[in-house]
1. Which residues, taken from the range 30-48, are closer than 19 Å to D98 by Cα and open to solvent by less than 30 Å² (accessible area, probe 1.4 Å)?
2. Can you tell me which residues in the range 62-98 are within 16 Å of the chain's Cα centre (by Cα), assigned to a strand (DSSP E or B), buried (at least 16 other Cβ atoms within 10 Å of the Cβ) and of a type outside the set (S, T, N, Q)?
3. Under the condition of being open to solvent by 80 Å² or more (accessible area, probe 1.4 Å) and of a type in the set (S, T, Y), which residue from the range 3-24 is nearest to V88 (Cα to Cα)?
4. Among (1) open to solvent by 60 Å² or more (accessible area, probe 1.4 Å); (2) at pLDDT below 85; (3) of a type outside the set (K, R); (4) touching a strand residue (DSSP E or B) at 6+ places or on another chain (Cβ under 9 Å), there is one condition T27 misses while meeting the rest; what is its number?
5. Return the residues of the range 41-50 that are in a loop (DSSP other than H, G, I, E, B) and modelled with pLDDT under 80; say none if nothing qualifies.
6. Report the residue count in the range 34-80 for those that are in contact with a Ser or Thr (Cβ under 9 Å, 6 or more places away or on another chain) and charged (D, E, K, R).
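The values are calculated or read from the model by the stated rules, or taken from the named source; none is laboratory data. Being a predicted model, the structure only gives us computed values, none of them experimental. Cβ coordinates were reconstructed from backbone atoms using ideal geometry, including for glycine residues, and neighbour counts include every protein chain displayed. Keep in mind that these areas ignore ligands, DNA and RNA; they rest on the heavy atoms of the full protein, side chains included. Shrake-Rupley method; radii C 1.70, N 1.55, O 1.52, S 1.80 Å.
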Amino acid sequence: MKDSYEGNIDENYNLSNGYSYIFVTMTYTNNTDEQVEILRNAGAFYIINDDLERLQVGDPGGIYIDNYWTEGKENERYHYVLGAGESVTSEVGYIIQDEWMSEDSKYIYYGIKGIDSKTNDMVQKYFKLEL
């Protein structure tokens, strides 16, 4: 992580030069009758600019998660397996440029993709954030 943000992060992981941490807490619920694997870092941040264009801001994927999934491979720490009817609440942290969180920004959203349990279609949902 330090290599990606060289000059903007110190040895204690404090950010500077227009970057901040932002954390999202999400609850995932398996509404199917089967076991499913989810990616708890499947989201990304978006803004709507003055021209009403949707722009992705910040790095997708997250840099922090409150609870690693330890049953999979090391690169699957953001995954999680939910049994039928099970839920999990997770906090995922990201780094985002401060300019996208300013009062001048129209809106900032967290968008997440997933499979609709009723239609089996890939869907993307957006949640307006309160900063």
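1. Correct list: G43, A44, F45, Y46, I47.
2. Once the filter is applied, which keeps residues that are within 16 Å of the chain's Cα centre (by Cα), assigned to a strand (DSSP E or B), buried (at least 16 other Cβ atoms within 10 Å of the Cβ) and of a type outside the set (S, T, N, Q), the range 62-98 yields I65, H79, Y80, V88, V92, Y94, I95, I96.
3. This residue is Y13.
4. Here T27 clears every test but (2).
5. Passing the criteria: N49, D50.
6. Summing the residues that are in contact with a Ser or Thr (Cβ under 9 Å, 6 or more places away or on another chain) and charged (D, E, K, R) in the range 34-80 gives 4.
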